[in-house]
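Please read the structure below before turning to the comments.
Just so it is clear, none of the values below were taken in a lab; they were calculated from the coordinates. Please read all numbers here as calculations on a predicted model, not as lab measurements. All Cβ positions, even for glycine, are placed from backbone atoms using ideal geometry, and neighbour counts span all protein chains on display.
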Amino acid sequence: MRKFVIAIFALLATAAVGQPRDALIVPGERVGPIALGLSEADLLKAAGAPASTLRQGNETVYGFGRISAQIGASGVDLITVDDPRFETADHLRLGLAAPVATSLLGQPAKRTTLNGVDTLEYEGMQLIVRNNLVMQIRVQRR
């Protein structure tokens, strides 16, 4: 009986720890479990129930906390990151100084400024910069 109780506690402890959370941003591919190109059904299976849903014409934006996924005719076509816990393999994340971001990624292919907000465009990713800090990361197809 004692071995049975120990086995049950070990099983519960393993379940409580679970698998590590995927917080990797891969430009042009995915953010955590949300990948570009996923269908609506596959998105909901990967990310769970959305906290918010906004339909705009042929597109739908699902909000999952501080991550959102926009779905068009060909599946997920834009993933927006507003959560500093997500980062690229090079540790690019929200709150990073823009000069550090450009030292990691190089000069952007395109840079635009509107109302004090800079958009730095890279292959498969945009960085939204305000007051010289990365405020948002957008992952899109290459």
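Put a dot 7 Å past the Cα of Val26, heading toward its Cβ, do the same for Glu123, and the two dots end up 1.6 nm apart.
Over segment 20-140, Cα pairs under 8 Å with separation of 6+ residues give a relative contact order of 23 percent. The Cβ shell under 11 Å around Pro108 holds other residues with a net charge of -1, Lys and Arg each +1, Asp and Glu each -1.
Against the set [x] 12, 41, 31, 13, 3, 0; [y] 11, 36, 28, 14, 7, 4, 1; [z] 11, 43, 37, 9, 0, the structure's computed P(r) over Cα pairs in 10 Å bins from 0, in percent falls on [y]. Among complete DSSP H helices in the chain, those whose alpha-carbon atoms stretch at least 20 Å along the helix's long axis and whose mean Kyte-Doolittle hydropathy reaches 0.5 are 2-17.
Taking other Cβ atoms within 10 Å as a rough exposure proxy, Leu43, Leu104 sort from fewest to most as Leu104, Leu43.
A simple rule links phi to the HN-Hα coupling: the Karplus curve 6.51 cos²θ - 1.76 cosθ + 1.60 with θ = phi - 60°, which for segment 61-73 gives 10, 9, x, 10, x, 9, 10, 10, 10, 9, 10, x, 4 Hz, with x for Gly and Pro.
Near the amide H of Gly32, within less than 5 Å, lie the amide hydrogens of Leu24, Ile25, Val26, all on another chain or at least 5 residues away, with H placed in the peptide plane.
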